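Reviewing the structure listed below.
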Amino acid sequence: MYSENRKITGKLRLSDWYNRPSIIEEDDNSCQLTRGLSTQRQNARSRDHGVGKYFKALIACGLSNPTSFEDFEKYMPRKRVYKSWSDVELAVAGPLETLVNGTLAGPTFLCIMTEQFYRTRNNNINNKNNNNIKNNNKNNNNNKNNI
């Protein structure tokens, strides 16, 4: 937890408070918690959640099978931050992609969001469009399991 001037004011283990959110209602805790979460390094947070590398997302989405930095150039401007093209993080590269016309996302994030929507919609038994959910799941494209 961080104060407005980014000084640590305390530590809070979120899992201890999942079913008791009253801690957030006390004093300035919700703001301090939000500031604390926003100061985490994005790459570390992505790794904690199992977010993969950028090149693996490109492959899973069928966009490209990159083997060098030059293979990224049609998706985003080239940056000289990483030593190897295979080290580029999805959480870093995704927002740098050129937006797909008519959207607010680049091709990789658009692919991920579309796949998430598809899975959410098609795995909802209460969805009126799902007459036979078992058949939908059997026919689902399994190539995107690595996103």
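The values are calculated or read from the model by the stated rules, or taken from the named source; none is laboratory data. Just so you know, these numbers come straight off a predicted model, no measurement behind them. Don't worry about glycine lacking a Cβ; one is built from the backbone with ideal geometry, like all the others, and counts go over all protein chains shown.
Within the set of pairs 6+ apart or on separate chains, which have a first residue in segment 89-103 that is farther than 12 Å from Leu58 by Cα, a second that is at pLDDT below 85 and of a type in the set (Gly, Ala, Ser), and C-beta atoms under 6 Å apart? Listed by first residue and then by second, the contacts come to Ala91/Ser46. Among the residues of segment 84-130, just one is aliphatic (A, V, I, L, M), loosely packed, with under 12 Cβ neighbours inside 10 Å and closer than 29 Å to Thr67 by Cα, namely Leu104. For segment 80-102, indicate whether the set of residues that are at pLDDT below 85, under 21 Å from the mean Cα position of the chain (by Cα) and among the basic types (Lys, Arg) is non-empty. Within segment 80-102, not a single residue is at pLDDT below 85, under 21 Å from the mean Cα position of the chain (by Cα) and among the basic types (Lys, Arg).
Selection within segment 1-15: residues that are aliphatic (A, V, I, L, M) and at pLDDT 75 or above. The member of this set that is nearest to Leu37 (Cα to Cα) is Met1.
Asn43 falls short on exactly one of the conditions (1) farther than 18 Å from Thr108 by Cα; (2) modelled with pLDDT under 80, and that condition is (1).
Let's see how each residue does on (1) outside any helix (DSSP H, G or I); (2) within 21 Å of Ile59 (Cα to Cα); (3) modelled with pLDDT under 80; (4) of a type in the set (A, V, I, L, M, F, W, C):
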| site | (1), (2), (3), (4) |
| --- | --- |
| Phe109 | no, yes, no, yes |
| Met113 | no, yes, no, yes |
| Arg121 | no, no, no, no |
| Asn126 | yes, no, yes, no |
